1. Go through (1) at pLDDT 95 or above; (2) open to solvent by less than 100 Å² (accessible area, probe 1.4 Å); (3) assigned by TED's automatic domain parsing to the domain that holds B:Ala659 for B:Gln623 and report which single condition fails.
2. Restricting attention to region B:413-450, and to residues there that are more than 14 Å from chain A (Cβ to nearest Cβ) and in a helix (DSSP H, G or I), which single residue is nearest to B:Thr482 (Cα to Cα)?
3. Filtering region A:155-166 down to residues that are part of a helix (DSSP H, G or I) and open to solvent by less than 80 Å² (accessible area, probe 1.4 Å), which residue is farthest from the other protein chains (Cβ to nearest Cβ)?
4. Give me a count of the residues in region B:557-592 that are at pLDDT 90 or above, charged (D, E, K, R) and loosely packed, with under 11 Cβ neighbours inside 10 Å.
5. Give me the residue from region B:51-73 that is open to solvent by 10 Å² or more (accessible area, probe 1.4 Å), touching a residue at least 40 places away in the same chain (Cβ under 8 Å) and not acidic (Asp, Glu) and, out of that set, nearest to B:Gln194 (Cα to Cα).
6. Filter region B:244-260 down to residues that are of a type outside the set (Val, Ile, Thr) and away from every other protein chain (no Cβ under 14 Å) and give me whichever is most open to solvent (accessible area, probe 1.4 Å).
7. Between residues in region B:180-206 that are among the β-branched types (Val, Ile, Thr) and residues that are not in a strand (DSSP E or B), which pairs lie under 9 Å by C-beta distance while being six or more apart or on different chains?
8. Got a number for residues in region B:345-354 being assigned to a helix (DSSP H, G or I) and either acidic (Asp, Glu) or open to solvent by 10 Å² or more (accessible area, probe 1.4 Å) (or both)?
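The values are calculated or read from the model by the stated rules, or taken from the named source; none is laboratory data. Everything numeric here is computed off the predicted structure, so don't read it as measured data. Every residue, glycine among them, receives a Cβ derived from its backbone with ideal geometry; neighbour counts consider all protein chains shown. Ligands, DNA and RNA are excluded from the accessible area calculation, which covers all protein heavy atoms including side chains. Shrake-Rupley method; radii C 1.70, N 1.55, O 1.52, S 1.80 Å.
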Amino acid sequence: MTITQAISNAARRANGRKRMIVLYWFTQMMVAALAALPLLGIAVPMLAHSGWAPELLKQFDVTFITEAMQARPGVGGAAFSAYPLIIFLTMTSGVFLAGGAVKLMVQDATVYSPREFWSGCGEYFWRFFRLMLYSLLLYAIANALAGSVKKVADKMWGDGLESAPMVMAGWVSNALLILLCGLVSTAMDYAKVRLVRDESRKSLRACLGSIWLVLRNPRVMGAWLILAVFWVLFTMLYQPVANNIPAVKMPLILVLALWQQLYILARVWLRFVSWGTAAELDPELRPAPLPPEEFVPVLSTGATEDYAI
Amino acid sequence: MRFLLLSLLTWSVALAGLSKHIASYDIQATLNHKTHTITGNETLTWVNDSPDTVSTLQFHLYMNAFRNTKSTFFTESGGQLRGDQFKGDEWGWIEVKKMRLASGADVTKAIRFIHPDDNNAEDRTVIEVALPQAVKPGETIQVAIDFETKMPMVFARTGFRKDFYLVGQWFPKIGVWETAGFRYSTQGAWNCHQFHANSEFFANFGRYDVQLTVPSEMVIGATGEQTKRVENVSNKTTTYGFHQEDVTDFAWTVQPNYIRVERMFEAAKETTAKEIAYEAKLGGVPEEDVRLSDVKMIVLMQPEHAEQIERTFHATRAALKHFGLWYGRYPYKTITVVDPPYGAGGAGGMEYPTFITAGTSWKLPPGSRGLEEVTVHEFGHQFWMQLVATNEFEESPMDEGLNTYSTTLIMDKVYGGIGQLPITLFGMNVWDWLHLPGISDLSLDRAAFLMSPADDDLLRKSWQYYDSQSYGVNSYMRMGVTLDTLERIVGHDTMARLMRTYHTRYRFRHPTARDFAKVASEVSGQNLDWFFNQFFFGNRLLDYRIGEVTSEQRRTPMGRFEKGGTFQITTRKDARKADDANDENKAFRKEYLGTVKIQRHGDAVAPVEIVIRFKDGSVEKRQWDGEYRWVKYTFVRSSEIESVDIDPAKKYRLDVSFANNSWVSKYQVEVSTHWSANVLFWLQNLMLILTSVA
């Protein structure tokens, strides 16, 4: 199976589970809304009845940010200190939702039902959660590797008086970081698929096996690259339109909000296609386990029947 | 007779140029590129123009700030300044090898290190020399000094990196004798501070004749006009001569691969007759006083920034024009703009007479105005620090703050502010792509001011601020916002006159913040003590806010009332019945009791205007003196209150919250929805990234 065939099949799988994608998107939005509350809790009460609101809330206005910090140092501090926890919770919720999503993307014959989805979320949560913890280590290694490129360049450049080579070294380092993160992310997709397909609880084995699989089959990174290109294309379509919606009146604000959510929905779809692609390619890339040995009865002496082996 | 001759000599020295030449220098120096040392000798001519008899001399040996980690500069800074870190072992120092007077007396052994600011015995940035014979009022003394300066690795204004040198604060420099009545002095004494992490400089005006011998491959730039260039073929060096009168310092730079470009600022082409007439009228001065003069602009650019040369010239021209038109013509013949290389950013963003260092980055997007900002700002110091030579040690906001105010005016006028932040992704301008709005200098100043609005007095000795951030905010942005507020109080035209008057009156002099306050009251014709006492010399926080706004419909009164000599009781039931009837009667004219409470949250008291708008379109204006902590206004109207604005003209940029200065009855549902949608969207994106990685 070629990569494009795998992606195309995965897209078909995703399109066949539209209701699941919508459920995923909705749940994700609810979690994001919860995480947004601390920020909104500062901005909205400060400005909901202020004539300065339109001016101060213009995008992420630098004056408003410092004014808010000055006006409510305690609240602002609390909101910012809450964010590591919020990031952890959003990551965890992502892991939770992935359980249901991967289960339904992997199993060909399963008919989508919310019950199946939520049961998958619960069933695979701890396996995927352990996988997430392992992946953090892998991302740290990726970051260190990419950072070392910059350090080496810095050392080689020494007292050089031009910044261009260092800026370009930074680009190389960033590109390497993105590639390595893509590699780890792809491997984690395969690990999830493996855990679901094998009904295995061995997250570490799945993680290492998938890293090995991705390294042995670099073409799977081609799938990652194609999906990344799709993401860039979606973004290039989204941003200019969003830039040109003059969101000052309510109908246009709602149009913008709708456009934003369409973009998010597209990104959710891409995530599903990514899992689906892993589900498509996994059986081909991973040698199927040997069939169990057949039972061969031992015949007693003098038997008259023949057994075909 | 001798006295008369000496007096005449003093007079001629003192009035040789536009300024009183108190401290003039003739310097010969040679750069040894291998050892990064400068060997030099200087002849200082110092005029005692005070009525005091001066028995000692004090000198700055600034370069000793980089001598070791025990210097005051290092202990205060921790070896980093403005984000640049001292690394390695290339320390810097200066040694006075010999000091002789014109009389022949060798006073080298009379040199002792003093520590007037912090008693740090390890600091060697100030020396005092006891003179064998005191310098009498009006007398001139000449001191010949042999010195050797080792340049440090550049991280704080001065130093070297590879073959780049920015040489500032490099020679023994005399302090300023302050007689009683001069600035804040109550008795004659030297003003010669140690070199601190958060301090710049202070010096008398004078003439500088400097001969510099450097390796021939080096391209040179320096304070003043080049007078000489002689190649010394035998040792592959070249000697350059530079001359400048009426300045307070001398700095120079060399690097072999500078791109050196010269352009002329042609005053007649840069300004129109209309502009001249307008500024002359505004300043109340003859047009001749406003006309600018031609200036040779020299740019020394790094090759990798070659495409930004024209941007540098454009910013320099804008600065020459507007500073000149607003405050008086730039009196020197040259201005040199230096672009320090990568890794020498610590030398950037610095000002010396007729010589400034800017700084930029490779492929700086055209919409990012960082290069223009730093060029205009550093040029501005020619006016606020060099021509009006305030004491940067003691009143840093009087140069940095005034300059921030002026820079902001020019940047917003010429470029529309600092524009975009230079955020690029693989060379793509992210700011542009996300359609984020450009940032004006005015809002950036206020945003920075709000980070530390009243944690320190605005005016303090620079090393006495709470920390370097407080020094920065107070010296630059807070003073900028304070002056912007002053402009809105006295009006644009008056402020323009005020700044021009202050500048021209104190050009080539050493004024203080008190002098500025006096000029402000004089020019505006107002008693501005309330403003200056609170915001210049005091430390008051300004924060007005709307406390409570209510509009209640007036209902039928209840109780016992006298009517026509008899008493009637309106019961609760009667009143309700009457109210119900009124509510149903469309012709009934409703009345509302509107209440507005305004609070003063900060400790600053300032007269403020309050505007109350009603739903029927009527408007009420009130002027509140702000004396008590709050004020209440009540109105009986046929309409409810629609909005309340404190200081609707936004005069008080110093008010720490604009958000609470305004109240509108209508919930800002559009703004809240837009903001909420954006926040939600960005968080969803973040979540999707996290989902992808986990």
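1. (2)
2. B:Lys413
3. A:Pro165
4. Residues flagged as at pLDDT 90 or above, charged (D, E, K, R) and loosely packed, with under 11 Cβ neighbours inside 10 Å within region B:557-592 amount to 4.
5. B:Gln58
6. B:Arg260
7. Cβ pairs passing all conditions: B:Thr186/B:Ala180.
8. Going through region B:345-354 one residue at a time, the tally reaches 1.
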